[in-house]
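The values are calculated or read from the model by the stated rules, or taken from the named source; none is laboratory data. Small disclaimer: the values here were computed from a predicted structure and weren't measured. Positions of Cβ are backbone-derived with ideal geometry, glycine not excepted, and every protein chain shown enters the neighbour counts.
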Number of protein chains: 2
Amino acid sequence: VSSCFRASEEEQQAQSKKALKKQQKEAEKAAKKAEKQAKLVSVPVVFDVFSLRLSLSLSWIEADRALVRVQDLTPEKAEQQIWVRARIHTSRAKGKQCFLVLRHQQFTVQALLAVGDRASKQMVKFAANLTKESIIDVEAVVKKVEQKIESCSQQDVELHVERIFVISQSEARLPLQLEDAVRSCSLSTPKQTGYVTCLLTMRLPSQTTTSQAIFRLQSGVCQLFRDTLINKGFVEIQTPKIISAASEGGANVFTVSYFKTSAYLAQSPQLYKQMCICADFDKVFCVGPVFRAEDSNTHRHLTEFVGLDIEMAFNYHYHEVIDSITDTMVQIFKGLRDRFQTEIQTVNKQYPSEPFKFLEPTLRLEYKEAVAMLRAAGVEMGDEEDLSTPNEKLLGRLVKEKYDTDFFVLDKYPLAVRPFYTMPDPNNAKYSNSYDMFMRGEEILSGAQRVHDAQLLTERAMHHGIDLEKIKAYIDSFRYGAPPHAGGGIGLERVTMLYLGLHNVRQTSMFPRDPKRLTP
Amino acid sequence: VSSCFRASEEEQQAQSKKALKKQQKEAEKAAKKAEKQAKLVSVPVVFDVFSLRLSLSLSWIEADRALVRVQDLTPEKAEQQIWVRARIHTSRAKGKQCFLVLRHQQFTVQALLAVGDRASKQMVKFAANLTKESIIDVEAVVKKVEQKIESCSQQDVELHVERIFVISQSEARLPLQLEDAVRSCSLSTPKQTGYVTCLLTMRLPSQTTTSQAIFRLQSGVCQLFRDTLINKGFVEIQTPKIISAASEGGANVFTVSYFKTSAYLAQSPQLYKQMCICADFDKVFCVGPVFRAEDSNTHRHLTEFVGLDIEMAFNYHYHEVIDSITDTMVQIFKGLRDRFQTEIQTVNKQYPSEPFKFLEPTLRLEYKEAVAMLRAAGVEMGDEEDLSTPNEKLLGRLVKEKYDTDFFVLDKYPLAVRPFYTMPDPNNAKYSNSYDMFMRGEEILSGAQRVHDAQLLTERAMHHGIDLEKIKAYIDSFRYGAPPHAGGGIGLERVTMLYLGLHNVRQTSMFPRDPKRLTP
């Protein structure tokens, strides 16, 4: 009936004409039944104006059959006759037998074809010749196995295949061997980048089980972030990415040609978040791309990443905002721990790492305390000096030793090292109402109480030597009544990377962008 | 204690020194209590290096007081002494009295100050002189009123004010009068653009009650979209916005300067969604900006809008995908109807419209049927001719008359009017497995089953005269096994506009971008 019906065509040839006729009648019956049962299903008519390949994409006669997912193949299904759609992960012929490993997403199962009652010699040969990564439908009986199949995710069962349909055939030469991309990386080679190279070379970066797990977990981060904030009464906003003026003076911005003029790509939604606060939205968040034209070629910088941004009016103290953000992070950590164990374990198989630890409530240290801890560990630094990346990492280790947490807030940064819109600390002119948050010793959020008074903002901008004309629109936003507010921006890819203990942000971006990479 | 303590300073002057001392003692007590009760609260020390304005942003002594929201001021709170934070919406002095309307988000309440036991003459005068849009804290007693206050959202109570603190003072001259921006627009002037002009002129586009309602509802659309899809097993993905090659031949694309080379802004996440399907994610969605460099100056075109995108592998028929999308839309419509009545009514006050009607299951018409309906209504058009915008609107009216629904799917478009990657209809070479969805006669989604076979895709591209070199990466995506799949993209701003029966997409974009508008 269809060109993908190859295996069973061959089988049919071996059968008597009578049996064939009977089978056809049954097929017609099944088709009518299917049509009745589900409106969805139409009887396939192969229309060969566009070649037989078209039939690959269309309804089949047996379209009322249910497909069982690979992950659901467990001993409870033993002796059941089922249909599975999956890819050929590996294939190995051995005399009259052919062993396949079938894969769908993070899950794999062993499948066996053997010449005998159910499969002809031709069919086994046909199966053995199928290209890796082809997508097939198999009809099979689920069988319990006596010895666990260590190489598959479904270790207690295998499939005894009776029929195979090819849904989509892969070309014979793959851009790389998928097994190579999922080899285990031991902790002793934390900076091993082979996987990343593989990942970025291939056209299908997410086809490995590890990548499937990483990006499913990342989807969970976004979901937990938003659900928690919506429960807290936040409103989601959409901010523009094409802007007319560079927000922070014009460094590190991408330029866009915009009809007859020029524009820029937004480095942050901060101005827009703040305008929403000035418009009485009270609590807003947004999830969207953020662009940085920095020529940084490190393990943690991307030129385009996903920002999870929060801005919130507070009643009496900016610590209300810190508490909202840290609680949101804790809800994310808990949600990942409780709902994404399969994904975490899949990633850990290739990239072993310690489980992520956090405290409730979140540890909040003052900058002063951090400096004292670093000095006690031998670091020489000034009171108002910014933290270098190595010192941040060292601090992360010191905090982990002392408090047993991978997540903490560093509060009250020196005023001198923060942007002009940061609210000074009213109690000490050297410091500010600003904070960073760290996971495993790396910064994932930078935030602050913002100056919401136009005159003070003007003074602070002048103190930083900023051209007031360029930030006039920003300053004017605060002239018509502005509630005191604070916020911050989180890098999604960094959160995923650090939660999973990975070592390159390119592993947690499906299509990473850096100064040297624009494709795919 | 703080410079914002103006009203009560004046009151204090009228009081005896003894009472003042007593009050101060109480304040100190309260401060200690507050510090104990909530770690959040620190005792304010006005630090005047940066001027007294700093104190505006910091903790107050009475920081343990709860703030009641304007929307919660109901007769149940009658006779209670409470604190409210809100803006001065209007202010009117009348002899020894001052009437304020206080506003927070979509909600307003009347407040009364009268010279007497509780307020001094100076205080009433002070209140009368406060600039509109200033944010204030008032301590007041809630009083039931005998006659409904028609001009406020809280019609059954008013506030008898005892104290006022200024949290943030607005400049005296506003860019426009907010009351002007919320005047009712009758149905007889559907194209009235006064509101839009106001909206875009102001620095704070969302400060009106109408805008608050529109954007809260829009946040709901996003939430309902995602929640429904996550329940259906979809995974959220993040796709890059900076791309190296223009996906559809290079027309209508914005160019970005990217370090030493050029890049483009993505017109659609389609390629990336499809790559995720090829990587076995099965069902994916994304929410993000979409860029179109079209010089279209209409009520429904933006150069940057938010795309709600779906892509899904199906088992047997692309109608499985249509059904998933229409069910998602129905869940959105139901969620808005059930959870956002306040917002819908707030918008309707200014922009009256008929409630949005939809059917379950969603009406699906074939293109042929639509052409027949249009012809019966006097339209002359060919079988394979595309629908013009006026004909789409007329069809919307005809469908509404016949089926009583504002939402329907038009399936099986002529192959000739769809992009090269559209799967042809196997039963009729003139048509294709593609569809649009309409709300109130305007297109909100365009989608199709995609060609997932590299060779057929090549043939189709050649038939369209497309340079194969330019789309090589796209075609190559399908060489390593690709499941049959379909999808589509929805414009968020259009959905919000059409659900609410508004007439300009700029009303549903906080910071609209069109060929002539790049700010704020």
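Brief remarks follow.
- Meets criteria (small (Gly, Ala, Ser) and at positive phi) for B:Gly307: no
- Matching residues in region A:474-491 - criterion: being within 7 Å of chain B (Cβ to nearest Cβ) and either closer than 30 Å to B:Thr239 by Cβ or touching an Asp or Glu at 6+ places or on another chain (Cβ under 6 Å) (or both): A:Arg479, A:Tyr480, A:Gly481
- Candidate set: region A:408-424, residues that are within 13 Å of chain B (Cβ to nearest Cβ) and part of a loop (DSSP other than H, G, I, E, B); chosen: the one farthest from A:Arg460 (Cα to Cα): A:Lys412
- Qualifying residue in region B:508-519 (condition: buried (at least 23 other Cβ atoms within 10 Å of the Cβ) and assigned to a helix (DSSP H, G or I)): yes
- Taking region B:176-280 and the helices (runs of 4 or more DSSP H) fully enclosed by it, the elements with 1 or more residues that are at the interface with chain A (Cβ under 10 Å from one of its Cβ atoms), at pLDDT 75 or above and touching an Asp or Glu at 6+ places or on another chain (Cβ under 9 Å) are at B:209-231, B:270-278.
- Scan of region B:70-98 for residues that are surrounded by fewer than 16 Cβ atoms within 10 Å (Cβ to Cβ) and in contact with a helix residue (DSSP H, G or I) (Cβ under 6 Å, 6 or more places away or on another chain), ordered by number: B:Ala93
- Looking only at residues of region A:415-455 that are touching a residue at least 40 places away in the same chain (Cβ under 8 Å) and of a type in the set (S, T, N, Q), we find that the one that is surrounded by the fewest Cβ atoms within 10 Å (Cβ to Cβ) is A:Ser446.
- Screening region B:495-520 for residues that are within 28 Å of A:Thr255 (Cα to Cα) and out of contact with any Pro (no Cβ under 9 Å at 6 or more places or on another chain) and picking the one that is modelled with the lowest pLDDT gives B:Thr519.
- Some residue of region B:470-484 being of a type in the set (Gly, Ala, Ser) and within 17 Å of B:Glu392 (Cα to Cα): no
To keep it simple, each residue is scored yes or no on (1) within 21 Å of A:Ala245 (Cα to Cα); (2) over 35 Å from the mean Cα position of the chain (by Cα); (3) surrounded by fewer than 19 Cβ atoms within 10 Å (Cβ to Cβ).
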position: A:Thr458; (1), (2), (3): yes, yes, yes
position: A:Ile466; (1), (2), (3): yes, yes, yes
position: A:Lys472; (1), (2), (3): yes, yes, yes
position: A:Ser477; (1), (2), (3): yes, yes, no
position: A:Pro484; (1), (2), (3): no, no, no
position: A:Gly487; (1), (2), (3): no, no, no
position: A:Gly491; (1), (2), (3): no, no, no
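- Search result, residues across region B:498-515 that are away from chain A (no Cβ under 14 Å) and either among the hydrophobic types (A, V, I, L, M, F, W, C) or over 13 Å from the mean Cα position of the chain (by Cα) (or both): B:Leu498, B:Leu500, B:Gly501, B:Leu502, B:His503, B:Asn504
- Positions within region B:283-322 being surrounded by fewer than 22 Cβ atoms within 10 Å (Cβ to Cβ), facing chain A (nearest Cβ under 9 Å) and in a loop (DSSP other than H, G, I, E, B), in sequence order: B:Ala293, B:Asp295, B:Asn315
Results for (1) touching a residue at least 60 places away in the same chain (Cβ under 8 Å); (2) among the aliphatic types (A, V, I, L, M), shown as yes or no for each residue.
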| position | (1), (2) |
| --- | --- |
| A:Ala245 | yes, yes |
| A:Met275 | yes, yes |
| A:Asp280 | yes, no |
| A:Cys286 | no, no |
| A:Thr303 | yes, no |
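- Some residue of region B:360-370 being part of a loop (DSSP other than H, G, I, E, B) and among the β-branched types (Val, Ile, Thr): yes
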